[in-house]
Amino acid sequence: MGIINVAELKPEMVLAEDLRNLDGRFVLAKGTKLTKKHLRILRMWGVIEANIRRVSRKDVEENTIAQLDPAVIEEVKNLTGERFQHADLEHPPVRELYRLCCLRRARGRSGITLRENLGPHDTAKKQIDSNRLSNDGATTIDPHELIRNDIKLPSLPTIYLQISEAINRPNSSARDIAKVISKDTSLSARLLKIVNSTFYGFPSKIDTLSRAVTIIGTMQLSTLALGMNIIRVFKRIPSHLIDMKSFWEHSLACGINARIIAGYKKIQNTERLFVAGLLHDIGRLLLYSNAPLHAKNALLSAKYGNTLLYKAEYEIMGFDHSKIGGLLLKKWKLPISLENSVRHHHSPHRSKDPLEPAIVHLADIMTNALARGSSGERFVPPLSPDAWECIGLSSNILSSTIRQTDRQIEEIIQLLF
Ligand SMILES: [Fe+2]
Ligand SMILES: [Fe+2]
C-alpha cells in the first residue's frame, strides 16, 4: 500500500481504501480498479492523493525517474542540489519539492542555468572587499527612517481607501461598491479581466463589476483591487539593482501559490493570501530604491559569500526586507493580517497568528525552488518545520499547487503587467 500523488496514478491501480476529496466527500470505493476516466475525474474533483494496493510510493517515484535519461537526471540533480544547499533535504516536504524540481528540469520545463546564476566563488573575497570600501559612511541605517522617507515612496492611491470606506458603510450594495471601483477605469478593466481568467475559472463570462462583486464578494474584490494598486505604485520605481519583471514574476507566483494553498486550508477570502504573496518581498523594493548602497552590499555579500540574501541583509543592516515590508504596510494602515504575513514570511513562528505567514513562507520557498523570477534570492530558503506542521497538509499538495500555478501564471502576468 502507498499514498500516491494524483499525478502519478495510473489506470489498473486498485484503491486500498475509500477515496475522498479534501472536503471529506466520498469519491470512489475501496477496491475500485482505476480507469483513464477515473483519473480525469479525480483531478477535476481536487483529489490530491490516493492509497493504492500493492504499490509503494518509492516504487512509483523510482519508476518515474527510470523513464528519464540517467545522464540528464545526474546533471539536473547537481544543479538543483546547488539551489537547495541551504534547505534540509531530510525534511519530507523539502525532499518532495527537490524531487519535483529535478523532474521538472529534466523534462525541460525550467530553463534556468544555475551555474551562471551562482557565479564563480574564487572572486568572492575581492568583490566583497571592494564593495565594503564603497560602503564607508553608510554602515548604519534605521528601518523607520527608510519608511519616513516619502520622497521616493508614493502614497497608497485614494481609490483603495474609497473602496474600503464603501465596504465598511452599512447598507452598501454590490452596485454601490461597483460604482466606486468604476471611478478608476483602468482598475475596473483589469479587475474584470482577472475575474474572467483561469485564476477563477468561472464557466461563463462575468461582464459587469456589480456581478463580479456579487459573485466574488466585496472583501475579495477590494483585496484584489488593493494588490493591483500597489503594483502600480511600485512599477514606477526605477532600479538598476533588480530586474523588475523578474521581481514581479516571483511575487505573482508566490501570490498564486499562497492562494491555492489557502484554498486547501479552506481559508475564507483566499485573495488576501494572493495579495500577501504578491507583496511579501516589497521591503526589497524599498531597500533597492531608498537604500541602494546597503541593498547592493547585501546582494554581493549573499552572492559571493554563498549565503541567503535575507541573512546577508540582516548582517549588513541589522534588519531584513521582511521587517521593512511589514513597517510599510503598517504605515499604509493595511489589514493587520497582510502586515503579519509580510513581516513574518521568513519567520512564521515569531507571529502570534502563524498560519497565514506560514502559507506565504511555503509559497515563497516553492517559488524560489522553481526559480519563478527572483527578488534577488538565488537559493531555496529553509522550510521551517514548525510552519509546515502549522499548515498541516500532505506533501502531495506541492505538485498539484505547482500544476495549478503553471496554468494560471502566464495569463495573470499578461493581465497585470
Ligand atoms: Fe522574502
Ligand atoms: Fe520571496
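Going through region 377-417 one residue at a time, which ones are of a type in the set (Val, Ile, Thr) and within 16 Å of ligand 1 (Cβ to nearest atom)? Break it down into steps so the answer makes sense when it comes.
Here is the first cut: in region 377-417, the ones of a type in the set (Val, Ile, Thr) are 380, 391, 397, 401-402, 405, 409, 412-413.
The answer is 380, and nothing else.
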For region 202-213, indicate whether the set of residues that are over 25 Å from residue 24 (Cβ atoms), of a type outside the set (A, V, I, L, M) and not in a loop (DSSP other than H, G, I, E, B) is non-empty.
yes
In region 358-370, anything free of Cβ contacts under 8 Å to residues at least 40 places away in the same chain and more than 10 Å from ligand 2 (Cβ to nearest atom) is listed as 358
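Picking from 358, 371, which residue would you name as being out of contact with any strand residue (DSSP E or B) (no Cβ under 9 Å at 6 or more places or on another chain) and closer than 23 Å to residue 49 by Cβ? Steps first, please.
Working: 371 fails: closer than 23 Å to residue 49 by Cβ.
Exactly one of 358, 371 is out of contact with any strand residue (DSSP E or B) (no Cβ under 9 Å at 6 or more places or on another chain) and closer than 23 Å to residue 49 by Cβ, namely 358.
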If you check 267, 261, 282, which single one turns out to be over 14 Å from residue 223 (Cα atoms), at pLDDT 95 or above and in the same structural domain as residue 399 (by TED's automatic domain parsing)?
261
Failed item, numbered, when residue 388 is tested on (1) within 12 Å of the chain's Cα centre (by Cα); (2) at pLDDT 95 or above
(1)
Answer yes or no as to whether residue 386 is surrounded by fewer than 24 Cβ atoms within 10 Å (Cβ to Cβ) and assigned to a loop (DSSP other than H, G, I, E, B).
no
Could you tell me which numbered condition residue 366 fails, if it satisfies all but one of (1) farther than 13 Å from residue 277 by Cβ; (2) more than 11 Å from ligand 1 (Cβ to nearest atom); (3) not acidic (Asp, Glu)?
(1)
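Does residue 247 count as within 11 Å of ligand 2 (Cβ to nearest atom), surrounded by fewer than 23 Cβ atoms within 10 Å (Cβ to Cβ) and in contact (Cβ under 8 Å) with a residue 40 or more places away in the chain? Spell out the reasoning first.
Details: within 11 Å of ligand 2 (Cβ to nearest atom): yes; surrounded by fewer than 23 Cβ atoms within 10 Å (Cβ to Cβ): yes; in contact (Cβ under 8 Å) with a residue 40 or more places away in the chain: yes.
Yes.
Against the condition without any contact (Cβ under 8 Å) to a residue 40 or more places away in the chain, in the same structural domain as residue 292 (by TED's automatic domain parsing), touching a Phe, Trp or Tyr at 6+ places or on another chain (Cβ under 7 Å) and not charged (D, E, K, R), how does residue 321 come out, does it pass? Walk me through how you get there before you give the answer.
Values: without any contact (Cβ under 8 Å) to a residue 40 or more places away in the chain: no; in the same structural domain as residue 292 (by TED's automatic domain parsing): yes; touching a Phe, Trp or Tyr at 6+ places or on another chain (Cβ under 7 Å): yes; not charged (D, E, K, R): yes.
Taking the combined requirement at face value, the residue does not satisfy it.
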Exactly one condition in (1) under 15 Å from residue 287 (Cβ atoms); (2) within 11 Å of ligand 1 (Cβ to nearest atom); (3) of a type outside the set (Phe, Trp, Tyr); (4) part of a helix (DSSP H, G or I) is false for residue 361; which is it?
(1)
Among the residues listed as 347, 374, 341, 351, the single one being crowded, with 22+ Cβ neighbours inside 10 Å and within 16 Å of ligand 1 (Cβ to nearest atom)
341
Looking at region 36-50, is at least one residue in contact with a helix residue (DSSP H, G or I) (Cβ under 8 Å, 6 or more places away or on another chain), surrounded by fewer than 13 Cβ atoms within 10 Å (Cβ to Cβ) and not in a helix (DSSP H, G or I)?
no
Matching entry among 311, 333 (being surrounded by fewer than 21 Cβ atoms within 10 Å (Cβ to Cβ) and on the phi > 0 side of the Ramachandran plot)
333
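The values are calculated or read from the model by the stated rules, or taken from the named source; none is laboratory data. Since this is a predicted model, take the numbers as computed values, not measurements. Note that we place each Cβ from the backbone using ideal geometry, even for glycine, and neighbour counts take in every protein chain shown.
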